[in-house]
Amino acid sequence: MTARKGAPGWPASARRRPLAPGRGEGPDGASERLIAELALGLRPVRRLPPPGLLALLWLALAGLVIGLAIALHGLRPDLAAAMAEPGERAQFLASLATGVAAALAAAMLARPDRSGRWGLLPLAPLGLWLGSLGWGCLADLGRLGPAAWSLGPSWGCLRFILALGAPLTAAMLLLLRHAGPVRPGPVLLLGGLAAAALCSAGLSLIHHLDAMLMVLVWHGAAVAALVALGWALGRPLLARPG
Amino acid sequence: MAEAGEWESWMTAAQAGDARAYDALLRAALPLLRNTARRRIRDPAEAEDAVQDALLTIHQLRHAYDPARPIRPWLVAICERRAIDRLRRSGRRQGREIPLGDAGETLAAPLANQGEARVAAAELRAAVAELPPAQRTALGLAKLEDLPLAEASARSGMSVGALKVATHRAVRALRRRLAARPGTGSGE
């Protein structure tokens with residue numbers, strides 16, 4: 001080891017090495033030289049907090065942002081009545097659980113040595129959420145008849161979820177940018193899902209849609225758009241593989 | 001065999017900036033990384049490249065290692081990731097490339113083949129020109145002008161770490177490209 005304090009140069013062995021093929025293992029192979037170069041002038045690094053804490057940090061940020069949105073728009077007037085209905089309550093709780101589970105799963109998958117099975121964690125709440133929406137649609141059909149299928153545009157929902165969800169997804173990917181060289185794909189997907197699910201939960205506290213089908217279509221579209229956006233634009237936010 | 005927890009304590013010290021512990025850890029881990037890469041990649045040179053990719057990723061992610069957890073699974077997972085990436089890339093490359101046969105010597109007279117050297121120099125220049133700008137700058141400052149890293153960093157605006165990585169990649173890209181040329185790489 002040729003580390004000299006105060007002399008940040010290349011180790012003598014790595015200097016002017018020939019370009020001719022001479023790689024391979026051995027006491028002075030290319031990998032050994034690389035190790036010497038990487039160790040030379042090593043700087044201390046700030047250790048990342050554990051993944052659970054990172055997830056919690058992001059959830060707190062998401063809570064803050066959605067809380068601000070609620071403060072701006074006000075809670076919907078019929079909130080107490082809506083939450084008394086088992087269907088709506090289940091839908092709200094399931095979307096909240098999906099967001100929390102996806103955030104934790106993303107933080108876990110961002111570490112190389114954590115099991116890939118963490119990715120399955122949000123599947124159960126996601127299934128419950130989609131199931132409760134589907135069940136709501138059927139219930140509407142029984143209650144309202146064919147009127148339940150009338151689908152109007154609700155750009156407001158889409159805009160709300162995207163406007164809140166996009167910065168939250170970006171914040172998540174910045175917090176988890178160390179996932180880039182390891183498992184970028186699943187972390188991008190789960191990050192987008194976590195943000196979208198929480199924004200959808202937040203929106204159902206603010207805004208009222210008559211029919212569950214509207215919720216399913218517009219919230220679903222927003223979630224899908226956000227997940228796709230995270231997938232397409234998220235890569236620059238994640239660190240590149242070394 | 002290293003005593004239990006020795007690698008972990010080396011990594012913890014490396015996170016605090018201990019270069020000797022870091023060097024010791026990476027050297028001790030090299031056989032593990034090589035085994036991991038070779039389980040996936042048959043070609044020894046390609047496997048060794050994957051090991052070097054893994055070393056760079058380990059360096060990049062050293063702040064993400066949690067000292068409370070065993071380090072071996074962490075190292076193996078990173079190496080596996082890089083080996084799979086390399087297999088995918090080489091699979092794509094093989095789909096696009098056609099191997100060239102050996103180009104025969106043009107003339108028997110020894111003087112006639114002096115052009116070889118000039119052709120080689122031109123090829124090297126062309127290969128350097130094709131490198132991404134950051135790698136070309138890093139190579140030029142750190143290797144050709146032989147500047148100390150701190151000075152190269154000040155001139156290029158790149159961090160010392162980025163310079164190291166870019167130079168390493170540039171040299172490897174050149175080596176691969178020149179070795180892939182028919183007629184070289186066999187000690188001629």
Per-pair calculated FRET efficiency, R0 = 56 Å: A:Leu64 and B:Glu151 via Cβ, rounded to 0.05: 0.80
Square roots of 5 times each gyration tensor eigenvalue, C-alpha, region B:123-179, largest first, Å: 20, 10, 9
Part-to-part distance (alpha-carbon centres) for region A:155-218 and region B:79-95, which is given in Å: 33
Residues A:Arg89 and B:Ala28, FRET efficiency given R0 of 35 Å [Cβ-Cβ distance, rounded to 0.05]: 0.05
Hz values of 3J(HN,Hα) by residue in region B:67-82 - Karplus curve (6.51, -1.76, 1.60), Gly and Pro given as x: x, 6, 10, x, 8, 4, x, 5, 5, 5, 4, 5, 5, 4, 4, 5
Convex hull projection area averaged over all views, region A:51-237, Cα basis, nm²: 10.1
Distance in nm between pseudo-label sites at A:Trp149 and B:Ala179 (7 Å out along the Cβ direction from Cα): 6.5
Length gained when the stretch A:Trp231-A:Ala139 is fully extended (0.36 nm per residue, less Cα-Cα span): 29.7 nm
Ellipsoid equivalent to region B:6-93 - semi-axes via the Cα gyration tensor, in Å: 25, 12, 11
Mean separation of Cα contacts under 8 Å (6+ apart) over length of region B:6-93, as relative contact order %: 33
Per-pair calculated FRET efficiency, R0 = 51 Å: A:Ala80 and B:Glu130 via Cβ, rounded to 0.05: 0.15
Phi-based couplings in Hz for region B:128-136 (Karplus 6.51, -1.76, 1.60; Gly and Pro marked x): 5, 5, 7, 5, x, x, 5, 5, 5
Note, ³J(HN,Hα) from phi for region A:90-105, Karplus 6.51, -1.76, 1.60, rounded to Hz, x at Gly and Pro: 4, 5, 5, 5, 5, 5, 4, 5, 4, x, 5, 5, 5, 5, 5, 4
Average beta carbon contacts from partner chains per residue of B:152-160, 10 Å cutoff: 1
Residue-averaged beta-carbon neighbours from other chains (10 angstrom radius) around B:62-68: 6
Average other protein chain Cβ within 10 Å of Cβ, residues B:14-27: 5
Neighbour net charge for A:Leu96 - beta-carbon separation under 14 angstrom, K R +1, D E -1: 0
Mean Cβ count within 10 Å, highest first, over the residues of peptides B:149-162, B:25-38, A:103-116: A:103-116, B:25-38, B:149-162
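Taken together, the values in this text are just the output of simple stated rules run on the coordinates, not laboratory data. Keep in mind the model is a prediction, meaning the values are calculated, not measured. Cβ coordinates were reconstructed from backbone atoms using ideal geometry, including for glycine residues, and neighbour counts include every protein chain displayed.
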